[in-house]
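These notes concern the structure reproduced below.
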Amino acid sequence: MRFIPYALAILIAITAFSCKKLDQLVSFNLNTHDKVFWETAYDTVLTDTIVGNEYASFMSADYSFKDYDKFETNKSTPQSVESVEAFTLTILIDSGATHFGFADSMTVYLSSPKNLFKEVEIAHFTELPTTEHFMAIDMLVPNDDWASIIQKEKYQFRTEFKLLSPMPDSIYLDYSMEFRLKAIPND
C-alpha cells in the first residue's frame, strides 16, 4: 500500500516535466524565398508523336526551413513548431522569360529529399498568365499537415506543366511561401 503514493508522485513528476509549454508559444510570420532553376525543355516534345510527351517536370534543389532567421529571432526551431496557418505560394520569374505563356496546367508539389514525408500537392494553376511574370495562389495542403512537414525541415519543389510552346530559355524563378507559425521557444 505504501508503494501507491510513491508511484503516483513519480507519475505526476514525469508528466509535469514532459508536458509541452503551450502557454509560452511564440507566434510569427515566415515568408520563404527559394531560387528555383528550370532548364530549357526540348522543343521536339511539341512535334513528336509520343502521347503525353509534352509534359515537363522540374525538381528544385534542397531547401531547409531552419535557414530562415525568423526561427533564430523567435528562439525556436522547425522541430518546435506546434501549429501552422498556410497562406499563399507565389512564383515569380527572375530571368529567362517574361511570362508563363509557354505553359499550361501547372502543378507544384513539395517533396522531402530523404522521403521523410509524403509528397504533397501545394498548388495547381489551371490558367497561367500570358502577360505577367508572377502568379500567386492559396496553398492546398491543410494547416494540420504543415506542422509535420516543417518539422522535417528539408524540402524540394517538384513542378509539372504542359508545354504549349517552346520555352524561351532556361528560367530562374523565385518560389515564396507565406505562413503564420506557432512554436515553443528553446530554453
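Any read-out appearing in this document is the output of simple, stated calculations on the displayed coordinates, not a laboratory observation. All values reported here derive from a predicted model rather than from experimental measurement. Cβ placement follows ideal geometry from the backbone for every residue including glycine, while neighbour counts extend to all protein chains displayed.
One table, with the values for the structure above:
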{"read-out": "Dimensionless Rg/Rh of the range 50-167 - Kirkwood Rh, Rg from C-alpha atoms", "value": "1.01"}
{"read-out": "Added length on full extension, which subtracts the Cα-Cα distance from 0.36 nm per residue, D138 to S64", "value": "24.5 nm"}
{"read-out": "Stokes-Einstein D in µm²/s, Kirkwood radius over Cα pairs - the range 91-144 at 25 °C with 0.890 mPa s viscosity", "value": "194 µm²/s"}
{"read-out": "Neighbourhood net charge (9 Å Cβ-Cβ; Lys/Arg +1, Asp/Glu -1) for S64", "value": "-1"}
{"read-out": "Contour minus Cα-Cα distance for S148 and E72 (0.36 nm per residue)", "value": "25.4 nm"}
{"read-out": "Most positive-pole-ward Cα, I171, L89, T77, against dipole of the range 30-187 from beta carbon charges", "value": "T77"}
{"read-out": "Fully extended contour minus Cα-Cα distance, from E119 to T88, at 0.36 nm per residue", "value": "9.4 nm"}
{"read-out": "Dipole magnitude of the range 46-187 about its Cα centre (Cβ charges: Lys, Arg +1; Asp, Glu -1), debye to nearest 20", "value": "400 debye"}
